Amino acid sequence: MTAGTKMTVRDVSVWYGAKPALSNVSLDIEREEVIALIGPSGCGKSTLLRTLNRLNDSVAGARVQGLVTLDGEDVYAPATDPVALRARVGMVFQAPNPFPKTIRENVAYGLRIHGLARGRADLDAQVERALTRAGLWAEVRDRLGDPALSLSGGQQQRLCIARALAVEPEVILMDEPCSALDPIGTARIEELIGDLRGRYAICIVTHNMQQAARVSQRTAFFDAGRLIEYGATSELFTNPRETRTRDYITGRYG
Amino acid sequence: MRRHARRRRAAEHRFRLLGRAAVAVSIGCLLFLLGSMLVAGIGGIDGHFLRGTDATEATRAGIGAALRGSLMVLGLTLALALPVGVLAALYLEELAPRSAWATLIEGSINNLAAVPSIIFGLLGLLLFLGTMGLPRSAPLVGGLTLALMTMPVIVIAGRSAIRAVPGSIREAALAVGASRVQVTFHHVLPRAWPGILTGAIIGGSRALGETAPLLLIGMRAFIPAAPTGMTEPATVLPVQIFLWSDQIDRGFAEKTSAAIVVLLVLLFAMNGVAAWLRHRGEVRR
Amino acid sequence: MTALLLAVFGLALIGWLAGHARALAFTASRGVLPRQQGWYVAVWTGLPALALLLCWAMMRPADEITLPAMLALLLALVGGGLAFARLRPGFAAGKRVERIVVAALFAASMVAIVTTAGILLSLLWEGGRFFAIVPAGEFLFGTHWSPQTIEGGDPTAGMGALPLFWGSFFIGAVIAMGVAVPLGLLSAIYLSHYAAPRTRRWAKPALEVLAGIPTVVYGYLAAVTVAPAIRDLGVALGIGAASSESALAAGLVMGVMIIPFVSSTADDALSAVPRTLAEASLALGATPSETVRHVLLPTALPGIAGGVLLAVSRAVGETMIVVMAASSVATISANPFAPATTVTRQIVDLLTGEATFDSAKTLAAFALGLVLFLLTLFLNFVALAAMRRRGAARA
């Protein structure tokens, strides 16, 4: 483990019931980098993401084997509280999924449950900070009491990012965050990922090769539940070692 | 921060306990009910009790006549409600044009399914006894009244069973030139039949346990003989339970519990068959 | 009557066989089956005769059977004969039979409308006759109810039904819901979000069993076991009004009966909440109970509220438990240990015995039935609207 490593994954396999979803995956998530997970549908990249914050715990029949660590601590150790873990490892989902509450309450939710705000003024300040960091503050500052569902798709997704940022996580997992957005919304999110890099370790699943190339420093290519290739993004896209990787990134299958 | 986390863990634990307690209390009530009836009634069940008729003395009283009355009423109920219900369900799902009229039919069926049973008793009293002059306390009137009550249940179950038949089957049959009516009767109905039957059994078991509307059409008299015809005065099992529950004679307490045990056994058997049918349908699909 | 029906069906069968045999003799033509020709004759033999018999049974029941019997048999013969005579090679009997079948299906679905209309009209009619004797305001807001003693005297005295409405509300909507809502809701949450799959597999059907037990059994339990215990408890607590016909006993038992209605509608509403909302909350580090309380319950609220309203409608219309365990004396009291009566209980009491159809007592029962019907209609309407709104929000 190097000093810059935030999370490590060692020989991790995941099953849903009897069906293997991920086999013997090992990789590192670095502190100040964006790592992109790419691969065809059903290759296990989303499964890996949900393994990192133990969201698979709530799926009946899911089973995880191997070692996942956060700052060197075993994420799956019996003493680890998944609730505390998830406060440190935030997640943004495929389609925007704001709670059916106001814009303000969406961001305040995490702060409230974790008891992170001292009084109303502090809460408001933290909500503003999270929205600012997600690049949404200017657009919603006058309508914080409006329902979150009144925002556009792209705004909703940035709200979901703000919601995750508000609890000050150390890692942010993003599961195809732009797949439900139009090109403008996608561009804003990609820009935002660039701004957030360095402050958080970011792990993003994407179907879009250009996006992976644009936003990430490292890329991991998965196929059929296995990690095929893993390395610096510039290296992997210009000079892949494996033929399967090359076939995939040149669009020959997948 | 740490104290906050501890408090949250405690709240989580309390919530889980609360949920478990709610399930335990609910199922505890069920077990208490079944257990107390079984303990009080099991001793009263023998051959004489199952074959006998109502009597003024507890020791001679039996439920044979009430069982017979129940079977007659249930038979008539299903004989009327099942065909009408199935045909109405087929019409609404397969043939009805999407119109305000169909919406009205749908609405009245959904509403009928939620109307209190005693209202059906009022209707039966007025329509069958008052207007048509049918005899009081007769299985004929009981069956007619309960059929009106059971029909919407069968329609609703039938519709969901019909809706579960894949559309590809209809299209395949239409594509070889079958008419809509042929598709309905040759392809949709056979596939939906297990689901419809499940609904019919559930509707029937509700009718078998029903008491209130039957009281209104006069089924609360002392009937010391088994009914021989649809227009003879008769009593049914739930009404017999109601009548005995009021008796001062302590001997009837055991009889009441015994009759309840018999009624529950019948109902559980019916529901068991329904569950088995549904399970078989799910496995095959 | 049975023999007559058998005869009609027998004639129809003969008609089928004759039509079928006749059609077989024709040269086959495309799209015309002998079977359909058989059905054509059978339908025309059976239906008119059966329709005649049905009409007769409705209008002149049970007496004088010879005349309609002769008429019916004649109609069967004529109908069948005419239909038989129309058979030709290539005669599209199938289409005609189908038209009749569609008409029959339509008629079956009309039974529901006719029943609804029948209920509404008969209650309105009888209720109207009642309100011609007793002013509606007197009935709806009067507080003195003793219809059993009014014969002969002033019929409007003792026809104030407010205590009945109060009793129905107090037992069905307050006490019963006080039991059923917390138990049903918490059970649904526990079984869908906490319990192991194995527990869920047996506990959910076990809860459903509560809804399948006949109300007369609950009534017996309430009258024999629960009511005396409540009275003893009330006496021990020093409550003077403690009665063995208390609102509490009937309401508690009714609540237990209603648990599965609340739990299954709550379960439906909770599982209709998109999974990603729950995951978003969990991913923020919320505990399962925080997720349930802050995200799932508020989102599912319209559906849950609709389910509770349906449960109230069922509780208010429930009869046997209150007939067996509640009181026949009408008083307005918020003391759960005091006796209480309900609308349904009074309907049964008023129609007990050989009352004539015209007495104010009998008519009062129908007026009460009208109020009950309109109330449950309203509750169901609001409940379904609330549940539909949830469906719209999801889409």
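Here is how the numbers come out for the structure above:
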quantity: Residue ID - nearest to B:L264 (Cα to Cα), chosen from residues in region C:226-241 that are crowded, with 17+ Cβ neighbours inside 10 Å and within 14 Å of another protein chain (Cβ to nearest Cβ); calculated: C:V226
quantity: Selection count, region B:37-56, where residues are within 11 Å of another protein chain (Cβ to nearest Cβ) and assigned to a loop (DSSP other than H, G, I, E, B); calculated: 0
quantity: Verdict on C:A93 being more than 8 Å from every other protein chain (Cβ to nearest Cβ), touching a strand residue (DSSP E or B) at 6+ places or on another chain (Cβ under 9 Å) and surrounded by 21 or more Cβ atoms within 10 Å (Cβ to Cβ); calculated: yes
quantity: Index of the failed condition, C:V101 passing every other in (1) surrounded by fewer than 23 Cβ atoms within 10 Å (Cβ to Cβ); (2) touching a residue at least 24 places away in the same chain (Cβ under 8 Å); (3) more than 24 Å from B:L112 (Cα to Cα); (4) facing another protein chain (nearest Cβ under 8 Å); calculated: (2)
quantity: Extreme residue, nearest to the other protein chains (Cβ to nearest Cβ), among residues of region A:55-72 that are among the β-branched types (V, I, T) and within 17 Å of the chain's Cα centre (by Cα); calculated: A:V68
quantity: Of all residues making up region A:110-132, the number that are more than 14 Å from chain B (Cβ to nearest Cβ) and either touching a Cys at 6+ places or on another chain (Cβ under 6 Å) or crowded, with 19+ Cβ neighbours inside 10 Å (or both); calculated: 4
quantity: Pairs, first surrounded by fewer than 22 Cβ atoms within 10 Å (Cβ to Cβ) in region C:288-299, second among the aromatic types (F, W, Y), C-beta under 6 Å, six or more apart; calculated: C:S289/B:F15
quantity: Total residues in region A:83-94, condition within 7 Å of another protein chain (Cβ to nearest Cβ) and in contact with a Ser or Thr (Cβ under 8 Å, 6 or more places away or on another chain); calculated: 2
quantity: Spans of helices (runs of 4 or more DSSP H) in region B:164-234 with at least 1 residues out of contact with any helix residue (DSSP H, G or I) (no Cβ under 9 Å at 6 or more places or on another chain) and of a type outside the set (D, E, K, R); calculated: B:167-175, B:189-208
quantity: B:V84 vs. criteria in the same structural domain as B:A138 (by TED's automatic domain parsing) and assigned to a helix (DSSP H, G or I); calculated: yes
quantity: Pick from region B:79-117, criterion of a type in the set (D, E, K, R) and touching a residue at least 12 places away in the same chain (Cβ under 8 Å), ranking: surrounded by the fewest Cβ atoms within 10 Å (Cβ to Cβ); calculated: B:E106
quantity: Members of region C:232-249 that are under 16 Å from C:I171 (Cα atoms) and assigned to a helix (DSSP H, G or I); calculated: C:A247, C:L248, C:A249
quantity: Subset of region B:73-107 [at pLDDT below 90, small (G, A, S) and touching a helix residue (DSSP H, G or I) at 6+ places or on another chain (Cβ under 6 Å)]; calculated: B:A96
quantity: Test for A:P78: is it touching a helix residue (DSSP H, G or I) at 6+ places or on another chain (Cβ under 6 Å) and of a type outside the set (A, V, I, L, M, F, W, C); calculated: no
quantity: Subset of region B:2-36 (residues that are among the hydrophobic types (A, V, I, L, M, F, W, C) and at the interface with another protein chain (Cβ under 7 Å from one of its Cβ atoms)); calculated: B:A5, B:A11, B:F15, B:L18, B:A22, B:V23, B:V25, B:I27, B:C29, B:L30, B:L33
quantity: Unique match (being within 30 Å of C:L350 (Cβ to Cβ), within 16 Å of the chain's Cα centre (by Cα) and surrounded by 15 or more Cβ atoms within 10 Å (Cβ to Cβ)) among B:I223, B:I260; calculated: B:I260
quantity: Matching residues in region A:227-245 - criterion: being closer than 21 Å to A:G198 by Cβ, outside any strand (DSSP E or B) and touching a strand residue (DSSP E or B) at 6+ places or on another chain (Cβ under 8 Å); calculated: A:T233
quantity: Only one of C:P274, C:P336 that is farther than 30 Å from A:M91 by Cβ and at pLDDT below 95; calculated: C:P336
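The values are calculated or read from the model by the stated rules, or taken from the named source; none is laboratory data. Source: prediction; values computed, not measured. Methodologically, a virtual Cβ is constructed for each residue, glycine included, from the backbone with ideal geometry; neighbour enumeration extends over all protein chains shown.
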